[in-house]
Every structure is written in C-alpha cells, then in structure tokens.
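Let me begin by presenting the structure, written as structure tokens, before commenting on it.
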Amino acid sequence: MLKLSRKFVVLLLAHLILGASALYSEAADESERKWTSYMRGRDGTEYFYDKGAVIETPQRTLQVWRKRVFRPGAAQKEIVTFDQLACDFREEYRTLRLSVTYWDGTTKVYDKWSPWAHIYANSPEQYLVNEHCSQSYKVVPEK
C-alpha cells in the first residue's frame, strides 16, 4: 500500500483547491468582472484588476484577475490573466491563465501555468501585494 506523508497530502489538496478555484473564477463572464484601474505604465499601458474578486488563500497567496490594455500600435489590444501572487518573503507571482486579444478581435487563451517570477519594487504586482495581503509583509521599494 502506498503511504503518503501528511505534508504531501496537504500540498496536493492545496493544488487541487487552487485549480478548482481557478476554474470557478474562469467561469465568470468577462462582463461580470468589475475592472478597477490601478496603474498606468510609461508606455501608456493601463493596468486593471477585479478588486471585488481578489482571494487570499490559506497558502498565503493572492488570486486575482488582471487586465492590461495597450495603446494603439502595440502588438495586442489587451491581455487578461488569472494570477497568483505570494504574500510572503518569496516576492514571486505566476500566471495560471492568460488570454490575449489582438486588434483584429481574435483571442488566444493559454491555460498552462507559468513559472514563478520575481515581484519587483514599484511594479503592478507589488501594488497588489501591498494592497491586498493581510499580513504586514510588504515589498520594500528599491533605492
């Protein structure tokens, strides 16, 4: 008989819960999301997130729908992602779902999870961690 450690079972259950919540959140129609603008890049890209749907998991991560709207002339019109951001010392985030809409109206959806990436100071990701993580952990701005 296969004997599994308690830690492995807890991690497995956490991943299953994350996957299920991603699928549940994915089911929400785009028109149901209430986008809140929170940042504008130097290149004119505007950043939005669904403020009412931010979830902090027991594993100390945020799950959040984000949208980036690009200025005319950019390769794509907008990108919508379902992201996971670490609320602890890791200073990392990853994308669980990505949807790219092009200027001609076509959309491509990618459901493969990205690897963890670093959260940089003064970034859109840092804003979300500082705004929504419940513990006092914050990303310190670089000097």
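The values are calculated or read from the model by the stated rules, or taken from the named source; none is laboratory data. Model, not experiment: these values are computed from the prediction. Positions of Cβ are backbone-derived with ideal geometry, glycine not excepted, and every protein chain shown enters the neighbour counts.
Would you check if there is a residue in region 95-103 being out of contact with any strand residue (DSSP E or B) (no Cβ under 9 Å at 6 or more places or on another chain), over 21 Å from Glu131 (Cα atoms) and at pLDDT 95 or above?
Within region 95-103, one or more residues are out of contact with any strand residue (DSSP E or B) (no Cβ under 9 Å at 6 or more places or on another chain), over 21 Å from Glu131 (Cα atoms) and at pLDDT 95 or above.
Here is a check on your reading of the model: is Glu131 surrounded by fewer than 16 Cβ atoms within 10 Å (Cβ to Cβ), modelled with pLDDT under 95 and over 15 Å from the mean Cα position of the chain (by Cα)?
no
Please enumerate the residues belonging to region 101-122 that are among the β-branched types (Val, Ile, Thr) and either over 14 Å from Ile79 (Cβ atoms) or in a strand (DSSP E or B) (or both).
Listed by number, the residues that qualify are Thr101, Thr107, Val109, Ile119.
Are any residues in region 45-63 part of a loop (DSSP other than H, G, I, E, B) and surrounded by 13 or more Cβ atoms within 10 Å (Cβ to Cβ), and if so, which ones?
Those that are part of a loop (DSSP other than H, G, I, E, B) and surrounded by 13 or more Cβ atoms within 10 Å (Cβ to Cβ): Thr45, Val54, Thr57, Gln59, Arg60.
Return yes when Glu142 is assigned to a helix (DSSP H, G or I), at pLDDT below 95 and among the charged types (D, E, K, R) and no when it is not.
No: the conditions fail for Glu142.
Can you confirm whether Tyr127 is within 19 Å of Val69 (Cα to Cα), among the hydroxyl-bearing types (Ser, Thr, Tyr) and touching a Lys or Arg at 6+ places or on another chain (Cβ under 9 Å)?
Judged against the criteria, Tyr127 is not a match.
Sort through Arg66, Arg42 and tell me the only one that's basic (Lys, Arg) and crowded, with 19+ Cβ neighbours inside 10 Å.
Arg66
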